[in-house]
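Student: To start, I am sharing the structure in question, which I have written as structure tokens.
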């Protein structure tokens, strides 16, 4: 396994011993609190010119105790890795709220909250190290496709602009105390490459490297990303990077994930991750699968040797994560395949 930059990182030791548990959905837990526009604004942003309700990342500044409580709920449920509350905390997504100038602060503050929760649990049980993963979402733009049907060459954002947006996010995550970076819910590989490029720029400038996790999302049972790549094409596009893990999140419910997880598990000589939604959304947009329903399916995948890191995405809660942790406790982690290097090319 290629681990050029961080072979001695403590997460490797943990991953070689057991399946690690990633936390569940931050958004689901925030929605349970039924917060109002006033809650999102707090005192600091009382007079902000646009509505802020739905800007979950902002809660790290206006309702920090809520975010820290959610982190601790997941840690109490035996999560080994918790994600920062920064899925949309980049300069492109924050344009919707006119908060581009807060990107660094949002990421730094969010990471401090996750760091404080993790450090608290590490002190309680030093034998079970917990890690903070800086969450980096895909933004609400795409580099590979035009939003204008009549103008296929048009792009709403340029690569350099996206890379700069990610750079500020990564700087905040790293300086706030993240152990890892998690570039997740990838629907466009070029977006992910902008994040990887930004990470490399920051690593070189700061002389500090963090392990990088990648997680892709497929849009339907064809197993393709929104920009049209198969999982094999996606892997070939990003395998030259020094990655800790690659995996799948969001997408579909756990039952529909088997062929895609199996394919990626056989392709990638790095750790694999899986954190699916709690089933497919119902007619009200809610997710109905119980911890037991999800856990039995995921147990089968773990027993089949497909998983190194297991967690939950949309609709999952600490109850789901606790069940996953109990299921995985006595199952061995996936063995990383020894794949001979070869020249490979991919497009869509």
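Student: Being over 23 Å from residue 310 (Cβ atoms) and in contact with a helix residue (DSSP H, G or I) (Cβ under 7 Å, 6 or more places away or on another chain) is the requirement here; does residue 64 meet it?
Tutor: In short, yes.
Student: Continuing with the same structure: Is one or more of the residues making up the range 84-95 free of Cβ contacts under 8 Å to residues at least 60 places away in the same chain, buried (at least 23 other Cβ atoms within 10 Å of the Cβ) and in contact with a strand residue (DSSP E or B) (Cβ under 8 Å, 6 or more places away or on another chain)?
Tutor: Yes: one or more hits.
Student: When the residues of the range 125-154 are narrowed to those that are crowded, with 18+ Cβ neighbours inside 10 Å and out of contact with any strand residue (DSSP E or B) (no Cβ under 9 Å at 6 or more places or on another chain), which ends up nearest to residue 100 (Cα to Cα)?
Tutor: 139
Student: Filter the range 191-218 down to residues that are under 14 Å from residue 138 (Cα atoms), at pLDDT below 95 and either over 16 Å from the mean Cα position of the chain (by Cα) or not in a loop (DSSP other than H, G, I, E, B) (or both), then give me how many there are.
Tutor: Total meeting the criteria: 0.
Student: Can you spot a residue in the range 230-241 that is in a loop (DSSP other than H, G, I, E, B), surrounded by fewer than 21 Cβ atoms within 10 Å (Cβ to Cβ) and either in contact (Cβ under 8 Å) with a residue 24 or more places away in the chain or within 19 Å of the chain's Cα centre (by Cα) (or both)?
Tutor: Looking through the range 230-241, at least one residue is in a loop (DSSP other than H, G, I, E, B), surrounded by fewer than 21 Cβ atoms within 10 Å (Cβ to Cβ) and either in contact (Cβ under 8 Å) with a residue 24 or more places away in the chain or within 19 Å of the chain's Cα centre (by Cα) (or both).
Student: May I ask you to verify whether residue 54 is out of contact with any helix residue (DSSP H, G or I) (no Cβ under 7 Å at 6 or more places or on another chain) and at positive phi?
Tutor: When the stated conditions are applied, residue 54 passes them.
Student: Could I ask something else about it? Of all residues in the range 269-280 being within 18 Å of the chain's Cα centre (by Cα) and in contact (Cβ under 8 Å) with a residue 40 or more places away in the chain, which is surrounded by the most Cβ atoms within 10 Å (Cβ to Cβ)?
Tutor: Within the range 269-280, the match that is surrounded by the most Cβ atoms within 10 Å (Cβ to Cβ) is 275.
Student: OK, next. Which residues, taken from the range 169-190, are over 23 Å from residue 61 (Cα atoms) and in contact with a strand residue (DSSP E or B) (Cβ under 9 Å, 6 or more places away or on another chain)?
Tutor: If the condition is that a residue be over 23 Å from residue 61 (Cα atoms) and in contact with a strand residue (DSSP E or B) (Cβ under 9 Å, 6 or more places away or on another chain), then 185, 186, 187, 189 are the ones that fit.
Student: State whether one or more residues within the range 138-152 are within 21 Å of residue 11 (Cβ to Cβ) and within 17 Å of the chain's Cα centre (by Cα).
Tutor: no
The values are calculated or read from the model by the stated rules, or taken from the named source; none is laboratory data. This one's a predicted model, so the numbers in the text were calculated from it and none came from an experiment. We place every Cβ from the backbone using ideal geometry, glycine too, and count neighbours over all the protein chains shown.
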